[in-house]
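Contents: one structure, followed by commentary.
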Amino acid sequence: NKKRAMNADIHDINKLFDRWEQGNDNHEIEAVLLLDKSGSMYRDIDAVSRAGWVIKRAVEKIQGRVTILSYNHNSKVLYEGDEKAKSDYKSLDCSGGTNPHFALVETERIMKASIKPTKLVIMLTDGGFYEGDEIIQRLNDMGTTTVMVFLGEPYMPVEQLSHGAQVFRAIADPRGLVKVAKDIVRKRLRSSR
């Protein structure tokens, strides 16, 4: 408050500012987004592609890095961490089964190599899988926040569908992935203050 500052007594120094909030100046985020592109995703794959692009652009705005990996029976890099999301999204195609093993191996490599203090892994799937729980556990053990987002109505107990991820969310529509990511990033940044 300029008026108070011009007329302030030295003892009123704590009243010079109308509002001051301590924030988290450290937005150094390393994030990996794993997107299921198995055959069962055919109805939602375009919306999933767009949601991944929106998340990447949002985290880039706060100087974070986001790598996006897609997986079915193989895995593929959709966006490298240093690659900027352009004005249009990259569309995924879908086929095959649900096996994130190789995408999780790459995710673990990225997280081990990163020196960023905030590490986040978000997986989106509409089905269960059989390989990868041990990698998710190692990511948890190294301080990475792991999030499993299930697309659709859970058909198994959440404990099984979460595959050991710290956070489990079920969404009805792929666009809900953006809200989940926003909430998790905000919560994670608040907790790292």
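When region 49-71 is filtered for residues that are among the hydrophobic types (A, V, I, L, M, F, W, C) and modelled with pLDDT of 95 or more, the ones remaining, listed by number, are V66, I68, L69.
Scanning region 128-154 for residues that are among the aromatic types (F, W, Y) and under 19 Å from Y42 (Cα atoms) yields F129, F150.
Taking every residue in region 82-102 that is of a type in the set (A, V, I, L, M) and pairing it with any residue that is surrounded by 12 or more Cβ atoms within 10 Å (Cβ to Cβ), at least 6 positions away or on another chain, the pairs with Cβ-Cβ distances below 6 Å are A85/W53; A85/K56; A85/R57; L92/K37; L92/I45; L92/S49; L92/S70.
Out of E83, E30, one residue alone is at pLDDT below 95 and either at negative phi or out of contact with any His (no Cβ under 6 Å at 6 or more places or on another chain) (or both). It is E83. Within the set of pairs 6+ apart or on separate chains, which have a first residue in region 107-126 that is buried (at least 24 other Cβ atoms within 10 Å of the Cβ), a second that is in a strand (DSSP E or B) and among the acidic types (D, E), and C-beta atoms under 7 Å apart? From residues that are buried (at least 24 other Cβ atoms within 10 Å of the Cβ), the pairs are L124/D36.
Can you name the residue in region 67-104 that is within 17 Å of the chain's Cα centre (by Cα) and of a type in the set (A, V, I, L, M, F, W, C) and, of all such residues, is surrounded by the fewest Cβ atoms within 10 Å (Cβ to Cβ)? Here the answer is V77.
Whether any residue in region 131-140 is under 22 Å from D173 (Cβ atoms), surrounded by 15 or more Cβ atoms within 10 Å (Cβ to Cβ) and out of contact with any Gly (no Cβ under 6 Å at 6 or more places or on another chain) is what I want to check. No, because not a single residue in region 131-140 is under 22 Å from D173 (Cβ atoms), surrounded by 15 or more Cβ atoms within 10 Å (Cβ to Cβ) and out of contact with any Gly (no Cβ under 6 Å at 6 or more places or on another chain).
Within region 39-66, the set of residues being open to solvent by 20 Å² or more (accessible area, probe 1.4 Å) and over 18 Å from V149 (Cα atoms) comprises R57, A58, E60, K61, I62, Q63, R65.
The values are calculated or read from the model by the stated rules, or taken from the named source; none is laboratory data. In this text the structure is predicted, and so the values were computed from the model without any measurement. Ideal geometry is used to build each Cβ from the backbone, glycine not excepted, and the neighbour counts take in all protein chains shown. Surface areas here come from the heavy atoms of the whole protein model, side chains and all, with no ligands, DNA or RNA. Shrake-Rupley method; radii C 1.70, N 1.55, O 1.52, S 1.80 Å.
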